[in-house]
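Everything on this sheet refers to the single structure shown next.
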Amino acid sequence: MPHVSKKKLKKETLKQLDKKLVSTFESAYEGRAFAKVFRELFTRTEKIMFAKRLAIVFLLSKEIPQHRIVDILKVSPSTVAKMSLKLENGKFETIIKTTKKKNELVNFIEFLLTAGGTMSPIAGRGRWKRIFKDLK
């Protein structure tokens, strides 16, 4: 996991950095360069971390059991539990709305859940297809 320096920034400096980060992403998105900026800015580890967080939110929103998410994504139970609590408290609404519009994410998560298509769904024929049906 990436770590942040122990040296604390002033609140105002941190706030301005946050604004600049968001405005950079917004500008990149408008100019169709978001993917490039994302790849240039973040390390491999950070990208994996973001991808796993996104997948956790998506899977939790589809009521996939927490222990199953831990097994699929190789994350700690505490990470999934924390994100589940945040989801219950109304966080991640924008992420959920956005992912529901993207079939690629649905297909990829289905791929993960079935170990690349080599494993059948946990229980019942076509179980995951029923779970993801409303998203396609």
State the number of residues belonging to segment 10-35 that are part of a loop (DSSP other than H, G, I, E, B) and either within 16 Å of Lys47 (Cβ to Cβ) or at pLDDT below 90 (or both).
3
Considering (1) over 19 Å from Thr94 (Cβ atoms); (2) in contact with a helix residue (DSSP H, G or I) (Cβ under 7 Å, 6 or more places away or on another chain), say which one Lys62 fails and leave the rest.
(1)
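Evaluate segment 73-89: report whether one residue or more is modelled with pLDDT of 70 or more, within 22 Å of Leu21 (Cβ to Cβ) and surrounded by 11 or more Cβ atoms within 10 Å (Cβ to Cβ). If you could, list the steps in order and put the result at the bottom.
Step one: of segment 73-89, the residues modelled with pLDDT of 70 or more are 73-89.
Cutting the leftovers down to within 22 Å of Leu21 (Cβ to Cβ) gives us 83, 86.
Filter once more, keeping what is surrounded by 11 or more Cβ atoms within 10 Å (Cβ to Cβ): 83, 86.
Yes, there is a match, as at least one residue in segment 73-89 is modelled with pLDDT of 70 or more, within 22 Å of Leu21 (Cβ to Cβ) and surrounded by 11 or more Cβ atoms within 10 Å (Cβ to Cβ).
Looking only at segment 36-53, which residues are in a loop (DSSP other than H, G, I, E, B) and more than 23 Å from Ile69 (Cβ to Cβ)? Talk me through it step by step, then tell me what you get.
Of segment 36-53, the ones in a loop (DSSP other than H, G, I, E, B) are 42-43.
Thr43 - this is the single residue of segment 36-53 that is in a loop (DSSP other than H, G, I, E, B) and more than 23 Å from Ile69 (Cβ to Cβ).
The values are calculated or read from the model by the stated rules, or taken from the named source; none is laboratory data. Note that the coordinates shown come from a computational prediction; the quantities given were computed from them, not determined experimentally. Cβ atoms come from the backbone with ideal geometry, glycine included; neighbour counts cover every protein chain shown.
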